[in-house]
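The values are calculated or read from the model by the stated rules, or taken from the named source; none is laboratory data. For clarity, every value in this text was computed on a predicted model and none was experimentally measured. When we count neighbours, we look across all protein chains shown, and the Cβ atoms used for this are built from the backbone with ideal geometry, even at glycine.
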Amino acid sequence: MTVKILINENRRLNYPAVSISTTLSRLTLNKEAFLLLKKEHGSETQHAEILLDDAEDKKGIFYIKLCDGTSAGSRKLDAPSKSSRTFNINNLIQALNLNFTTTTRFKMDYDKVLKTAKVNTTEPISTEGKE
């Protein structure tokens with residue numbers, strides 16, 4: 001009998017990133033992304049806002065901002081683990097006309113001027129965790 005070690009081929013990212021699933025209409029913040037947002041916001045909150053810029057050169061870019069539950073457009077963050085957060089982005093998928101067939105990862109940067117996280121959907125890192 002021959003045995004083979006099963007190795008998880010999903011690579012853990014050690015920098016802020018988000019995963020978008022258009023099938024589930026969900027965005028997931030990885031551990032580093034959530035810690036960065038929490039640090040910049042100053043406290044842990046369970047809500048976020050999605051912001052869009054209508055400028056032509058900003059197509060495919062959106063922003064994530066932590067907020068309290070009373071802010072306009074706030075979305076409840078679900079906690080699938082202690083270190084990541086996920087939330088529904090159905091209207092963002094429609095607004096940006098996203099049509100990925102697999103879960104896709106994107107790097108997340110922090111914009112200190114706008115005080116929000118920035119995600120560019122025209123520059124994917126990988127799909128389904130494989131780089």
Point to revise | Subset of segment 61-115 (residues that are part of a strand (DSSP E or B) and free of Cβ contacts under 8 Å to residues at least 12 places away in the same chain) | key: 78
Check your understanding: If you take the residues of segment 51-65 that are surrounded by 13 or more Cβ atoms within 10 Å (Cβ to Cβ) and at pLDDT below 90, which of them is nearest to residue 23 (Cα to Cα)?
Key -> 59
Check your understanding: Quick one: would you say residue 48 is modelled with pLDDT of 90 or more, under 23 Å from residue 124 (Cβ atoms) and among the aliphatic types (A, V, I, L, M)?
Key -> yes
Exercise for review: Considering every residue within segment 26-43, establish whether at least one is over 20 Å from residue 115 (Cα atoms) and in contact (Cβ under 8 Å) with a residue 12 or more places away in the chain.
Suggested key: yes
